1. Please go through segment 451-467 and give me each residue that is under 22 Å from Gly229 (Cβ atoms) and modelled with pLDDT under 75, ordered by number.
2. Go through segment 84-130 and give me each residue that's among the polar types (S, T, N, Q) and in contact (Cβ under 8 Å) with a residue 60 or more places away in the chain.
3. Pull up segment 437-474, narrow it to residues that are under 30 Å from Ala414 (Cα atoms) and open to solvent by 30 Å² or more (accessible area, probe 1.4 Å), then point me to the one that is farthest from the chain's Cα centre (by Cα).
4. I want to confirm something. Restricting to segment 104-142 and keeping residues that are in a loop (DSSP other than H, G, I, E, B) and in contact with an Asp or Glu (Cβ under 6 Å, 6 or more places away or on another chain), which single residue is surrounded by the fewest Cβ atoms within 10 Å (Cβ to Cβ)?
5. Could you grab me the full set of residues in segment 384-394 that are open to solvent by 50 Å² or more (accessible area, probe 1.4 Å), assigned to a helix (DSSP H, G or I) and at pLDDT 80 or above?
6. Report, by residue number, each residue of segment 543-557 that is under 20 Å from the mean Cα position of the chain (by Cα), within 14 Å of Ala575 (Cβ to Cβ) and of a type outside the set (Val, Ile, Thr).
7. In segment 570-585, which residue that is buried (at least 20 other Cβ atoms within 10 Å of the Cβ) and touching a Pro at 6+ places or on another chain (Cβ under 7 Å) is nearest to Leu540 (Cα to Cα)?
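The values are calculated or read from the model by the stated rules, or taken from the named source; none is laboratory data. Predicted model only: the values in this text are computed from it and were never measured. No Cβ is skipped: glycine too gets one built from the backbone with ideal geometry, and neighbour counts run over all protein chains shown. Note: accessible area is taken over every heavy atom of the protein model, side chains too, but ligands, DNA and RNA are not part of it. Shrake-Rupley method; radii C 1.70, N 1.55, O 1.52, S 1.80 Å.
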Amino acid sequence: MKSPDWRFLAVGGLTAGLALSPLCEGAGGQSAGAALALALASLAALSPSRARSPRPWVALVALVALCTGLLAGAARLRAIDRGAYAGRPGARLAVRGHVAAVPRRSGEVVRVRVDTPAGRLLLEAPEPVSNLPVGAEVRARGTVAEPPPWYQGYLRRQGVRRIVRVSRIDLTGRRRGGLPGRIDRIRLRAEEALTRGMPEREEALARGFVLGEDDRIDPRTAEDFRRSGLAHLLAVSGQNVLLLALLAAPFLAALGIPLRARLVWLLALIALYVPLAGGGPSIQRAGAMGAAAMVATLAGRPASRVYALLLAAAVTLALNPRASGDVGWQLSFAAVCGIFLAAGPLRRRFEARLGAGGWRRALAEGLAVTIAATVATAPLMAHHFESLSATTLVANLLAFPAVAPAMWLGMLAAGAGQVPGLPVEPLNWVNALLLAYIAQVAEWLGRPGWALAPLRLDGWPAVAGVYAAMLASALVARAWARSWGGMVTTVAGSWRALAAATGVGLLALGAAVLSGPAPHDRPAGLRVTVLDVGQGDAILLQPHAAEPVLVDGGPRGAGLRGKLEQLGVSALAAAVVTHDQSDHAGGIEELFGALPVRRLVYAEAGRGLLAEAAAAGAVPTRLAEGGELRTGGLRLEALWPPGELAAGGATAEQAGDPNARSLVLLARWRDFEMLLTGDAEAEAVPMDPGPLDVLKVSHHGSADAGLAALLDRAAPRLAVISVGAENPFGHPEPGTMATLEAHGVPVLRTDVDGSVTIEAAKRDARVDTER
């Protein structure tokens, strides 16, 4: 850009002001001044380096746009907050309103946003809950609660300030009216069309692919898509908008509609598709990106990709200035930036090898877009999810030939479903095959233990450093790819950018090192700590570069929170309750609300425990034989109880003994294996884990007639007993200790040795005790 473009500066300033407006919320002059300074600094990058007009004019345009963005953002935030229900926590409330978004089903809990006359709120109910279509009127009665602190930011971005916990959600049979109601009816017909002639799994996938309704997808299938790097297909994204435009454009051209008129029609089609697909943040982003590209074309600037990106950012932030804090927003725009910057050069490289005609060009385009988006989002994935899919490139390339046809067939079926009596089954039959193939790819590449590689970037300085290093590497690679003379010219021309990128990278990485956790905060391999919590069980598993898992929490009052803080635990990927008894679940109940717990994992649990978990924002997740829990490189495989037993199908003997229904887990990290038995004794519960490194002796070392046979089969190198000093039960039993001694198994006890720590490294394990 050889001279400053006032439109470019205006949109850039407006975008910066909108993005920074949340920093001024409820703040005094200092925060507002800091936001203004940050915005001005960011706008300096937008000022063209070869401006022909005076700098004060450039700065004035940018400053006016910036202030406009700050003021507009503040007004929009006030409007969003006024629309949120803000009743008194603890009060009873009768709710009657309309479903505002696709429900989220996690384990045994359903969460759905509802618009009521009193404001928007989040309903939370235990399963089973029937299908809740967007726009349907519901009624419920429950208790108002304030979201836990770590959940508040996410809900506030959705315009929600209060949760109402209810026992059930009923449909009234009524729907909202007006234009939203008409769009709801179109969506309902589309949903119905996508179910005809489809198997259950493929039907759920079609609804996710086309309409963004992923609430009915089987959890195991959703996990396969996540681990394989295909999860973006389950929610409506910019890809849907692009494919919709590609599908509609030839029909409009065949009708003889001129180019600019076709673009207007496509904009109208996108405007209809956004609410049709639920109108959530991801489809708003997708629609804004597609619309912005077309507006740039209509404005005579089809090549201005940065302009289109700024327009899309301005639109999404105008709808919700807090959107920039959303992980999906960040990933979406990182992917778009990567595609804008790298897809073109990569495509040309592939075309030079594959050829530029027909299917070769499509293959080159698919390869380029997949690689560019994957690389551009990798640092954010490592920062937010502490892991990266090791198979994402292969999975996306294998699925690529089927994705576009599946989307198109789904969209055609949804469109045909608007005409009564028009058959859609032939479209769905073909689509079911394509969706089954994509699901198979996800299973092939998502099930292996190595599919998800643990990788963590602590803090935004580390993320910025990685992006700066990537930019520097790209500049070097670009220079290297040219001839020697061209290389000299390129390096000479871009040395400032290269030096700046390298400098920023070094500074950011240095800041990350200085501000990151101390080296001992997280083990290099797997750290297992059998905590001394008295007469109870509490076992902490901390895999490298991933959030830890706590298996049981001991009794109340054992100081579990303080012990976890000493071990550097600030959040738990999951808290596992082997069985709902006070010496195992009491401490976990105390943790709820004290630190973030992502999931409560159980085989069976009482309503009180589930309610406390839901109140703290922990997702209840049932686990039974054959199921698995993962965090980073750690796998916890459930060996007991069977699903029917966990669901209440116990025999009379088992029903009278909760220990016989205790969750038994086999913890695996590389070659290290440890059996976590809870209170399930080998004489009552079949256990055949194979050779073990460590056995957590069941039920605090009580008498167990099946222990000797288990030791014969498993041959553990170490046994640990979690038991309280001078407990009234006489644990551990002398017979149990004698059996362990007869088998030559060393024993550590928490009543004698204190907390037991096992450091599992790549090729060895080291054991320490507290005393």
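1. Answer for segment 451-467, where residues must be under 22 Å from Gly229 (Cβ atoms) and modelled with pLDDT under 75: Leu452, Ala453, Pro454, Leu455, Arg456, Leu457.
2. Ser106
3. That would be Tyr437.
4. It comes out as Glu127.
5. If the condition is that a residue be open to solvent by 50 Å² or more (accessible area, probe 1.4 Å), assigned to a helix (DSSP H, G or I) and at pLDDT 80 or above, then Leu393, Val394 are the ones that fit.
6. If we filter segment 543-557 for residues that are under 20 Å from the mean Cα position of the chain (by Cα), which is where we start, we get 543-549.
Now restrict to residues that are within 14 Å of Ala575 (Cβ to Cβ): 547-549.
Listed by number, the residues that qualify are Glu547, Pro548.
7. Out of the qualifying residues, it is Leu572.
To keep it simple, each residue is scored yes or no on (1) open to solvent by 50 Å² or more (accessible area, probe 1.4 Å); (2) over 22 Å from Val466 (Cα atoms).
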{"site": "Arg322", "(1), (2)": "no, yes"}
{"site": "Gly325", "(1), (2)": "no, no"}
{"site": "Ser332", "(1), (2)": "no, no"}
{"site": "Phe340", "(1), (2)": "yes, no"}
{"site": "Pro345", "(1), (2)": "yes, no"}
{"site": "Arg361", "(1), (2)": "yes, yes"}
{"site": "Ile371", "(1), (2)": "no, no"}
{"site": "Thr377", "(1), (2)": "no, no"}
{"site": "Ala382", "(1), (2)": "no, no"}
